[in-house]
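Enquirer: Below are the structure tokens for one structure; questions will follow.
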Amino acid sequence: MESLLQQYVDLYYLQIVILIGINIILALGLNIITGVTGQLSMGHAGFMSIGAYTSAILATQFGVPFPVCLLAAGLMAAFMGVVIGIPILRLEGDYLAMVTIGFAEIVRVVFLNLEIAGRGMGLSGIPAETNFSIVWGLVIIIVLLNTGLLKSRPGRALYSIREDEIAAEASGVNTTLYKVIAFGMGTFLAGIGGSLYAHYLTYINPGNFGFMRSVELLNMVVLGGMGSIPGTIVGTIILTIAPEVLRFVQEYRLLFYGALLVILMIFRPNGLLGDVRWHDVKRYWSRWRKTWIKKGS
Amino acid sequence: MFLQQLINGLTLGSTYALIALGYTMVYGIVQLINFAHGEIYMFGAFFGLLLVLTFDVDIFLAIAGAMVFCMLMGVLVERIAYRPLRGSSRLSALISAIGVSIFLSTFMVLLRGPNSTSYPSSVMAIKTYHIGSIELSSLQIMILVTAAVLMIGLELMVKRTRMGKAMRACSQDLDAARLMGINVDRTISFTFALGSALAAAGGVMVGVYYNAVQPYMGTMAGLKAFAAAVLGGIGSIPGAMLGGILLGVLENLGIAYLASSYKDAIAFGILILVLLIRPQGLLGKATTKKV
């Protein structure tokens, strides 16, 4: 599969497609926390870096095979997520945002000072295991599981916390438990994404996981439409490709990126697909098709 | 040693407090974390530098000029990027603020390059006084006094003037304030102007104090000031002042006695610990949810 792809697809495009897949996994994780459950987390890059470093350290210094590294990265990030989540999920809205920012910054500074993580130099020589089929295979599995989750009873409980926490609690939803579960699942995906990212770049340093990375991931979720899986995927694709497409404007790239965020939010305040309902789309489609068939006959 | 660190911490903390006030006032009224605030602070530092380089003004004129410039800028940013989003979800306004922040810092990189520049030494004659074992420079005294004057001025404005009353009314209930005949749009613009002016003053003073001004200085300063505002209880003006000063002092003591390489982690570590014990911040009021 890989050699076939490399034969027919330009390497540059293949790399962007892999990066899109990794970002989708990361953004879907954040979508569970922020989009679905409504808990604003601005430190997703911190959990991503925990996964990336766990995987990289296991692979380079202990020679652990990649699938084990991947799983360990997810579990480690989820473990940290739950440990930090239990106390901080009592906090509301913007206090939670601040604490997650703070946590991510602390993680970054710790990796900057940790001997085994290579300090500021970071880790290099991580085996390049991430490829198209692994990333997109995982994307398909995660999207399927995620869709199933959101349609299930626990999924609806998560949505209910976003809509109205008091009403959810009154209806018998154990909000604290579900918030921690959402945080655990979201950070698990962050760890998986981080591990894939580390084995894709083969070189990581704490600078890869700064505040801007968390912000980028949050942009993907909000831009596409909060809590919607297709929305998150569309948002991720647009925001991963945007910097590449904007290469022609060279140093003005980030200027356009910033302006793009403002303009998109002003014209689509609920995100691109945030207020689109699929049965509406189907209805429009069938109506449009009927009129088209009438005209044809 | 301890007193020395305390004074350094107070100096740093009073600049944090100046920036944190902008976050807390805006948050108190429109519930928006204004992520572009750090960039306004950075623009203030650069505009002060521009005034010093072109007109050779002294530091007080530079501060005043930067404050006026950033006032206009704050109002403009609110008008373009936040006002159209006032009715929609708070996260969209947040993303818009992040967009503005990226736009402004990139704009400055394009204008001046990513490297740091310093204020010429002519901006202020710095004398150092020795009191016992403590070193105190005239610059530190100037920063402490200016910050104190600005904060007292703000407190008087909020407590004694009509506009201040309007601001307090808006922070309690935006709709009720509008029904009472308060021009809500103008009050919000005024709040942005006030917050941006304080940040600009902080920017110029930090630029002179650390002798470095660069386009990315707003990000970390903004995050720390936001942490300070949350520490004091977001929405509370005295809270922002207390939070800023406390954070500055504790950060300096932490660097001196613990480990300097963990500098950026200390502020956030303190913040998390405080929030775990007092989730509403030091001076914030615990609100009960009503159904």
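No lab work stands behind these numbers, since they all come straight from the coordinates. Owing to the predicted nature of the structure, the values given are computational and were not obtained by experimental measurement. For neighbour counting, all protein chains shown are included, and Cβ atoms are generated from backbone atoms with ideal geometry for every residue, glycine included.
Enquirer: Can you tell me the orientation of helix B:2-30 relative to chain B, as the angle in degrees between its alpha-carbon axis and the longest Cα principal axis, to the nearest 10?
Expert: Helix B:2-30 sits roughly 20 degrees off the main axis of chain B.
Enquirer: Which ordering of B:E39, A:E129 is given by a fewest-first count of other beta-carbon atoms within 10 Å?
Expert: Numbers: B:E39 30, A:E129 19.
Starting with the residue having the fewest Cβ neighbours, the order is A:E129, B:E39.
Enquirer: Which residues' amide hydrogens lie under 5 Å from the amide hydrogen of A:V64, considering only partners 5 or more residues apart or on another chain, with H built in the peptide plane?
Expert: Residues meeting the criterion, in which the H sits 1.01 Å from N, are A:A59.
Enquirer: May I ask for the equivalent-ellipsoid semi-axes of the stretch B:2-277, computed as the square root of five times each C-alpha gyration tensor eigenvalue and listed largest first in whole Å?
Expert: Those come to 29, 22, 19 Å.
Enquirer: Can you give the longest run of chain B that contains no trypsin sites (Lys or Arg not before Pro) sitting in a DSSP loop with at most 12 other Cβ atoms inside 10 Å?
Expert: Longest gap between qualifying sites, sites excluded: B:128-284.
Enquirer: Using Cα atoms only, what is the angle between the long axis of helix B:90-112 and the major principal axis of chain B, expressed in degrees (0 to 90) to the nearest 10?
Expert: 30 degrees
Enquirer: Then there's this: Step through the residues of the stretch B:180-193 one at a time and calculate ³J(HN,Hα) from phi using the Karplus curve (6.51 cos²θ - 1.76 cosθ + 1.60, θ = phi - 60°), rounding each to whole Hz and writing x for Gly and Pro.
Expert: 7, x, 7, 6, 5, 4, 5, 5, 5, 4, 4, 4, 4, 4
Enquirer: Please report the projected area of the stretch B:1-83's Cα convex hull averaged over all directions, in nm².
Expert: Details: hull surface 28.0 nm².
Over every viewing direction, the Cα hull of the stretch B:1-83 projects on average to 7.0 nm².
Enquirer: From Cα coordinates alone, what are the radius of gyration and Dmax values for the protein assembly as shown in angstrom?
Expert: Considering the protein assembly as shown through its Cα atoms, Rg and Dmax are 24.9, 100 Å.
Enquirer: Explain nothing, just the number: relative contact order of the stretch A:2-296, from Cα pairs under 8 Å at least 6 residues apart, as a whole percent. Intermediate results must be reported in sequence, preceding the final value.
Expert: Values: 447 pairs, mean separation 94.5, N = 295.
Here the relative contact order equals 32 percent.
Enquirer: Which shape class applies to chain A: rounded if a/c is under 1.5, otherwise prolate when a/b exceeds b/c and oblate if not, where a ≥ b ≥ c are the square roots of the Cα gyration tensor eigenvalues? Don't skip to the answer; put the middle values down first.
Expert: On the way: a/c = 1.65, a/b = 1.19, b/c = 1.38.
It comes out oblate by the Cα gyration axes.
Enquirer: Which value at 222 nm does chain B reach when only helices count, each DSSP H run of 4 or more adding -39,500 (n - 2.57), with the total divided by all residues and rounded to the nearest 500 deg cm²/dmol?
Expert: After summing the helix terms and dividing by residue count, I get -24500 deg cm²/dmol.
Enquirer: Given N residues in the stretch A:1-126, what is its alpha carbon radius of gyration divided by 2.2 N^0.38 Å?
Expert: Ratio of Cα Rg to 2.2 N^0.38 Å: 1.22.
Enquirer: Over the stretch B:73-182, calculate the relative contact order: mean separation of alpha carbon pairs under 8 Å at least 6 apart, over the residue count, as a percent.
Expert: 9 percent
Enquirer: For labels at B:F55 and B:I80 in the simple 7 Å Cα→Cβ model, what's the distance in nm?
Expert: Calculated label separation equals 2.4 nm.
Enquirer: With a length cut of 24 Å (Cα positions projected on each helix's long axis) and a Kyte-Doolittle mean of at least 1.0, go through chain A and give me the DSSP H helices that pass. The partial results should precede the final answer.
Expert: Details: long enough: A:11-30 (29 Å, 2.27); A:44-62 (26 Å, 0.83); A:66-88 (32 Å, 2.27); A:93-113 (31 Å, 1.27); A:132-151 (28 Å, 2.09); A:175-201 (38 Å, 0.94); A:278-296 (27 Å, -1.78).
For chain A, where a helix must reach 24 Å along its axis and average at least 1.0, the hits are A:11-30, A:66-88, A:93-113, A:132-151.
Enquirer: Considering Cα pairs under 8 angstrom that are at least six residues apart, work out the relative contact order of chain B and quote it in whole percent.
Expert: Details: 473 pairs, mean separation 108.8, N = 291.
Dividing the mean separation by the residue count of chain B yields 37 percent.
Enquirer: Of the candidates B:A20, B:A267, B:A212, which one comes out as most mobile in a Gaussian network treatment of chain B with C-alpha springs shorter than 10 Å?
Expert: Looking only at B:A20, B:A267, B:A212, the biggest GNM fluctuation is shown by B:A212.
Enquirer: Something else about it: Given charges of +1 on the Cβ of Lys and Arg and -1 on the Cβ of Asp and Glu, with all other atoms neutral, how large is the dipole of the stretch A:2-296 about its Cα centre, in debye to the nearest 20?
Expert: Dipole of the stretch A:2-296, to the nearest 20 debye: 1280 debye.
Enquirer: Can you compute the modelled spin-label distance between A:L71 and B:S121, with each label point 7 Å from Cα toward Cβ, in nm?
Expert: Computed distance between label sites A:L71 and B:S121 equals 6.5 nm.
Enquirer: While we're here: Test of understanding: ordering B:C70, B:C170 by Cβ neighbours within 10 Å, fewest first, what list do you get?
Expert: Ascending number of Cβ neighbours within 10 Å: B:C170, B:C70.
Enquirer: Of the trypsin sites (Lys or Arg not before Pro) in the stretch A:202-297, which ones lie in a loop per DSSP and count no more than 13 other C-beta atoms within 10 Å?
Expert: Sites meeting the loop and neighbour criteria: A:R277.
Enquirer: Right, here's the next one. Which order do B:I131, B:I245 fall in if you start with the one that has the fewest other Cβ atoms within 10 Å?
Expert: Ordered from fewest to most neighbouring Cβ atoms within 10 Å, B:I131, B:I245 come out as B:I131, B:I245.
Enquirer: Please work out the Cα convex hull volume for the stretch B:205-252 and give it in Å³ per residue.
Expert: In the stretch B:205-252, the Cα convex hull volume per residue is 79 Å³.
Enquirer: Taking a point 7 angstrom from the Cα of B:I134 along the C-beta vector, which residues in the stretch B:248-277 have backbone N less than 19 Å away?
Expert: B:248-257
Enquirer: Moving to a separate point now. Residue separation times 0.36 nm, minus the C-alpha to C-alpha distance between A:V9 and A:E115: what's the value?
Expert: My answer for the length gained is 34.1 nm.
Enquirer: Limiting things to C-alpha atoms, what are the Rg and the maximum Cα-Cα separation (Dmax) for the stretch B:158-255, in angstroms?
Expert: In order Rg, Dmax, the Cα atoms of the stretch B:158-255 give 16.2, 51 Å.
Enquirer: Taking the Cα centre as origin and putting +1 on Lys and Arg beta-carbons and -1 on Asp and Glu beta-carbons, what dipole magnitude results for chain B, to the nearest 20 debye?
Expert: Using Cβ point charges on Lys, Arg, Asp and Glu, chain B gives about 980 debye.
Enquirer: Separation between the A:K282 and B:V145 pseudo-spin-labels, each 7 Å from Cα along Cα→Cβ, expressed in nm?
Expert: Placing both labels 7 Å beyond Cα along the Cβ direction yields 7.4 nm.
Enquirer: Rounded to the nearest 500, what is the 222 nm mean residue ellipticity of chain A from helices alone, with -39500 (n - 2.57) per DSSP H run of 4+ residues and division by all residues? Present the calculation step by step, with values, prior to reporting the outcome.
Expert: On the way: 13 runs with 219 residues, N = 297.
Rounded to the nearest 500, it is -24500 deg cm²/dmol.
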